[in-house]
Amino acid sequence: MKHCPGARKLSMLEGCKVTYWFCQYLFSAPCLKSLHFSYMSFVDDGMKLSSKTLEKMNCQLQTVSFMFCRLTRRCSQNLLSALSSNESLKNLDLSGNPFEEGGIQLLCKVLENQNCKLETLRLTYCKLSSACSQYLFATLMKNESLKELCLSHNSFGKHAMKHLCEALGNQNCKLHTLRLIQCNLTATGLQDLLPVICSSENLKMLDLSSNFFGDEGMKLLCEALEKQTFKLQTLNLWQDYLSEESERALTSLQSRKSFHITWEEYHKAEFFDWDAEDTV
């Protein structure tokens, strides 16, 4: 990095252990705005130095991704503590790192901090427990900066869904994109979501693909959306195992309403680049 002082984006995939000395070179780049690590292992001292950089007033990083990096409890604590005082960071991806309650509580404190300007948060494949989900959803009612939340591939039970619906219905929650791909949601979970879908002033895109609702769920969906006006623009669903009758009902509904029902498999390209900058 010392030979690329003007680098704005760095992406690293698979492999290496990220040491303290590597982090010293890495974070010496004054123009770095986007930093992506995938399937890498951080030593605690390396993450501590990374965190100190995020705390600096002149830190320009806007996007940070630590996907499947096997972050230790200490690494998570250092990172999340640093984010409390960072106002430049807009996008954070911690997908593939299992979080215990303590880690999620720290993350929630970050989101509740008035200095937090995060707009996009991804916690895909994080093995969130019911308690973790409850902490996170309660925080959504106190955060007005977060616009996009991805919780795909976490299993949410009935109680977690009720807390999520309560958060989405709160006037302080400004989410416009919510992804719940393959979260083991059922027709009952969909029924809880429907009043929120119909009443939310902010939610524009909802991805429920790879959840099996069956004909019962599709009937509930069509009946609810037929009767209501809503702000939702795009609803992504799972076409597999959908009966012809349900598919016709959804197609008919879409023709009469000003929103789109899509069947895209977003989860196949879910870990896409955050921006169009050239990769170093």
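Bear in mind these aren't lab numbers, they're just calculated from the coordinates by the rules spelled out. Computed from a predicted model, the values in this text were never measured in an experiment. So basically every Cβ, Gly included, is an ideal-geometry build from the backbone, and we count neighbours across all protein chains shown.
Report the gain in length on full extension from Glu264 to Ala138: 0.36 nm times residue separation, minus Cα-Cα distance, nm rounded to one decimal.
So the extension gain works out to 42.4 nm.
Looking at the square roots a ≥ b ≥ c of the eigenvalues of the Cα gyration tensor of region 113-153, which shape do they give, rounded for a/c under 1.5, prolate if a/b is larger than b/c, or oblate?
Here region 113-153 falls in the oblate category.
Region 141-188: which GluC sites (Glu not before Pro) are DSSP loop and have at most 16 other beta-carbon atoms within 10 angstrom?
Here the sparse-neighbourhood loop sites are Glu144.
Quick check on region 98-268: take the gyration tensor over C-alpha atoms, sort the square-rooted eigenvalues as a ≥ b ≥ c, and tell me if it's rounded (a/c under 1.5), prolate or oblate.
Here region 98-268 falls in the prolate category.
With respect to the cross-link table entries Lys109/Lys231; Lys90/Lys142; Lys127/Lys158, which display a Cα-Cα separation exceeding 28 Å?
Lys109/Lys231
At 0.36 nm per residue, minus the direct Cα-Cα distance, what do Glu247 and Gln105 gain on full extension? Give it in nm, one decimal, please.
The span from Glu247 to Gln105 would gain 47.0 nm if fully extended.
Could you line up Lys33, Lys227 from fewest to most neighbouring Cβ atoms inside 10 Å?
Lys227, Lys33
Can you work out the PRE-style zone for Tyr39? Point 7 Å along Cα to Cβ, and I want the residues of region 80-98 with backbone N under 15 Å.
So the set is 96-97.
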